[in-house]
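Here the structure is laid out as structure tokens; the discussion comes afterwards.
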Amino acid sequence: MKKLAPFIIILLLSASVKGQQKPLTSLFMTNPFAINPAVAGTHNYFQIISNNRFQWVGFKDAPITNTLSIFGPLVKYPMGWGGTITYDVAGSISIGSIHGSYAYYYTVNEDIKVSMGLNLGFMQYKIDMANITVEDINDPVYYNAKDTYYPLDASVGIYCYSSTYHVGFVATNLINNKFKIGDQPTGLSKLKSHFYLIGGYKYFINREWAVEPSLILKKVSPAPYQLDFNARGWYRNMVWVGLSYRTQEAVSVLLGYIYNKKIQICYSYDIVINKMRPYNFGSHEFTLSYRFDDIKK
């Protein structure tokens with residue numbers, strides 16, 4: 001990764017000032033627990049979900065994100081629990097994390113429930129500047145820096161849901177840890193709190209067909225708001241096809257298939273629409289999930 005243009009350094013090191021530090025995902029609706037801990041326990045069964053995203057294919061050292069989640073309810077109580085392991089790498093920066101979540105839900109009426117969740121864990125944050133050479137920067141501090149940090153991390157979420165719609169709010173990175181490059185504090189390397197507003201509605205046209213729009217609005221200061229909006233068409237709750245739009249980023253094609261109401265396979269292809277478009281062939285994302293048998297009535 002030698003002689004990279006300066007904008008790569010901006011991409012990797014100053015995301016905390018001008019961009020989002022959390023990995024992107026186009027299939028957020030297939031694993032809402034990975035974003036909102038309040039989702040744990042909202043179903044009568046456990047799920048295990050794997051998500052793998054390959055961003056900006058063809059661009060050297062582009063971001064790759066792998067996520068594995070498992071979550072479900074407590075049998076005797078209106079509660080849920082789960083955990084998520086994530087590994088995200090982009091060039092000389094890699095971030096691994098392990099989080100555990102707890103949620104408690106309250107029944108409003110026969111169809112509406114409200115859940116609140118807490119997520120706690122730690123991250124392994126690695127920075128290896130020795131693999132980066134940038135023209136016009138000759139500071140040996142940058143070239144020799146190789147640091148690993150283990151910051152604590154916390155998120156909270158609320159989730160209101162029914163048989164046809166859901167809406168949630170999440171605040172992540174509540175512990176704003178600071179890092180440094182080598183022996184010099186950068187002022188840029190600080191984990192910033194991220195805020196998400198999430199919603200979706202499933203409209204059944206008839207017994208076979210349904211339409212499901214969903215969105216996620218993201219904000220981290222001082223970056224502008226970012227909106228992901230998608231719409232999926234369902235056939236017999238088994239096959240779905242959709243389109244998604246992410247402001248300032250991409251248009252996506254979405255596909256999904258559920259086998260025997262247990263196994264779900266999903267795929268998305270992002271067509272980049274920003275200034276990165278000439279330098280890559282888009283982004284690919286895959287989700288594989290398994291639903292266990294019901295353990296709660």
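The values are calculated or read from the model by the stated rules, or taken from the named source; none is laboratory data. The structure displayed is predicted, hence computed values, not measured ones. Neighbour counts are summed over all protein chains in view; Cβ atoms, including those assigned to glycine, are modelled from backbone coordinates with ideal geometry.
In the range 238-292, the qualifying residues are those that are within 21 Å of T164 (Cα to Cα) and among the basic types (K, R), and the one that is farthest from the chain's Cα centre (by Cα) is K261.
Against the conditions (1) within 13 Å of L24 (Cα to Cα); (2) at pLDDT 95 or above; (3) surrounded by fewer than 14 Cβ atoms within 10 Å (Cβ to Cβ), Q248 satisfies every one except (2). For Y235, the conditions (1) free of Cβ contacts under 8 Å to residues at least 60 places away in the same chain; (2) exposed (fewer than 15 other Cβ atoms within 10 Å of the Cβ); (3) more than 26 Å from S162 (Cα to Cα) are fulfilled apart from (3). Taking the criterion of being hydrophobic (A, V, I, L, M, F, W, C), at pLDDT below 95 and assigned to a loop (DSSP other than H, G, I, E, B), the residues of the range 41-98 that qualify are W56, V57, F59, A62, V75. Here the condition is being within 22 Å of N44 (Cβ to Cβ), charged (D, E, K, R) and at pLDDT below 95; of K219, K261, it holds for K261 alone. Against the test of being more than 29 Å from L74 (Cβ to Cβ), not in a strand (DSSP E or B) and not basic (K, R), the options S221, S268 yield a single qualifying residue, S221. All of K202, K275, K218, K190 fail the test of being more than 21 Å from F33 (Cα to Cα) and surrounded by 15 or more Cβ atoms within 10 Å (Cβ to Cβ), apart from K190. Restricting the range 264-290 to residues that are among the charged types (D, E, K, R) and at pLDDT below 95, which is farthest from W234 (Cα to Cα)? Looking at residues that are among the charged types (D, E, K, R) and at pLDDT below 95, I get K275. When you check Y259 against the structure, is it within 30 Å of I93 (Cα to Cα) and among the aromatic types (F, W, Y), yes or no? When the stated conditions are applied, Y259 does not pass them.
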